[in-house]
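To start, the structure itself, in structure tokens.
None of the figures in this text is laboratory data; all of them are computed from the coordinates on show. These numbers were taken from a predicted model, which means no experiment stands behind them. Glycine gets a Cβ as well: all are built from the backbone with ideal geometry, and neighbour counts include every protein chain shown.
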Amino acid sequence: MKRLALGLVSVITSITLLAGCSTGSNSGSVTESSSNDGNMKEVVISVRENTWGARKDNFIEAEKRLNEELKSKNVQIKIDWWPGVGDDELILQAQAKKVADVFINSSVDIGWQLNAGLIRDVDWVGTSDVFKNMPKSYDNIMKYQNHYYGVIQDMDASPVFISRKALEGLGWTAAQIDELKARVDAGSFTFGELVDLADAAVKQKLVKVGFGVEDTRFEGWNYTFGNFNYNAEQNKMVLSPNTQKVYEFWYDALQRGVVTEGIADIDTDKAAELFIKGQLFAEFARTEFYQVMRKQLGMDDDLAGYEKWFKENAIWIPVPSVQQGGKPVSYSNPAMIYVGANVDDEKMPYVQRLIEHVLDADLQINHTLKSGKLPVTAAAQEDPRFQKMSFYKDHAYLIDFTKTRPAQMDYAVYMKSFTLGIDAILTKGRTASQAYELFKKDVQQNVPADSLIVE
């Protein structure tokens, strides 16, 4: 699972060195070459390799489909595969004038990549048939400073996975368990009630751990407490007193034993192991947690068997609101397809069609089956293979209100300060107010004033 590269912050200080850099070979304009059929226009598109899920396989198939489409125009596309590299290496290679035409990275990386001169706009996304009638959340994810800079490649949401067995142990009936998601959607079941259930499950020794979470920054908990740390209109981080409410939850949950001092060490794989063993009450993760458990159970080739296990052992809900009558929340950190800054307007239509074929409905589902991520278009969700997978099908509606980590340049620095506060609560015995003061001081010292709104 991709994590935000907090170590990238120091590298970004050298971004200005990249201004005006040009791509290496096989980038920019199209080239002419000869063929047995006469003059054939060959368009070489450099693509950084990404083999996770079906990403590379989908590009290979998209290349074949596009070449079939362009036969009558005597044009041939050729992908030039470049090695996949990390964020730091992207910058170093850009300084050496090596920028690929196409690469995949996180949605949160738009800001620094743009400032580094690595990417160009892809405003054709707004009129592409692929994204007709797309949810507003997609528009927010792919846009930055009023332009499209990325093409969403896959998607997830952040359901809460809850132990059905633990709820049964607490005396819940099957009907009560099955209607819980509807209660969360309607705002009649709150986050505080979920904390109370976890507390009871731990105290009654139905589970060993109350809450697990994919990382301690977990934006879902920020959002449910109204702590929206980014102002998109001004493209600034927000230092809000609401952060203390999130710290109060952490402090209370630790005191009650709902979370443990070592919660940061329970990564997604470990949480899946605990959940399968019936030792974890609730895991706050993303869509792919469903697939992680399936893999650990050895049921990759047994969908029916896994769905039976899942229905007997788990339920899922969106992250509930803290307010009665409030709306649930969800967040994601989706992958984006980026286009290199030196792809010119002559080459862009070919790059566009290649990317659009990567998002062909059947190819999206191929990736879903391998990665555990959601497909990104309504057409893909209509695929019979998707419709057969009840978990994916039933929670796809979360996409409509899923928020994502902001692409603002100083987000990583800001969140490093935020997690300092959580760590102070978990390991240093600090109160919520003490953690907030530590967070506030660190943010104001390290986030540039022109990138920060102080409420």
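Annotations
- Potential lengthening between TRP81 and ASP139 on full extension [0.36 nm per residue; Cα-Cα distance subtracted]: 18.0 nm
- For MET415, MET134, MET293, MET40, order by how many other beta-carbon atoms lie within 10 Å, fewest first: MET40, MET134, MET415, MET293
- The ranking of TYR230, TYR144 by Cβ neighbour count inside 10 Å, starting from the fewest, reads TYR230, TYR144.
- Here TRP124, TRP316 are placed in order of increasing Cβ neighbour count within 10 Å, fewest first, which gives TRP124, TRP316.
- Förster-model FRET efficiency, 41 Å R0, ASP265 and ASP129, C-beta, rounded to 0.05: 0.35
- The local environment of ARG294, defined by Cβ-Cβ distances under 11 Å, has a net charge of -4 under the rule Lys, Arg +1 and Asp, Glu -1.
- Bridge orientation summary for the chain: considering DSSP beta bridges with both residues in this region, about 60 percent are antiparallel.
- Summing Cβ point charges (Lys, Arg +1; Asp, Glu -1) relative to the Cα centre of the chain gives a dipole of roughly 720 debye.
- Cβ-based net charge around PHE59, under 13 Å, with every Lys or Arg adding one and every Asp or Glu removing one: -1
- Calculated FRET efficiency for the pair GLU69/THR419, C-beta based, R₀ 60 Å, to 0.05: 0.80
- Local net charge near LEU206, Cβ-Cβ under 12 Å (Lys/Arg +1, Asp/Glu -1): +3
- Taking each residue as 0.36 nm, the span from ALA174 to LYS295 lengthens on full extension beyond its C-alpha to C-alpha distance by 40.9 nm.
- Shape class for region 160-331: prolate, because the ratio a/c of the largest to smallest gyration tensor axis (alpha-carbon atoms, square roots of eigenvalues) is 1.5 or more and a/b beats b/c.
- If only the Cβ of Lys and Arg carry +1 and only the Cβ of Asp and Glu carry -1, the dipole of region 160-331 around its Cα centre is close to 300 debye.
- Listed residues ALA407, SER163, VAL125: farthest to the positive end of the dipole of the chain (Cβ charges): SER163
- Annotation: for a label point projected 7 angstrom from Cα along Cα→Cβ of GLN204, residues of region 291-318 with backbone N closer than 19 Å are 312-316.
- Each part reduced to its alpha carbon centroid, region 40-95 and region 310-335 end up 36 Å apart.
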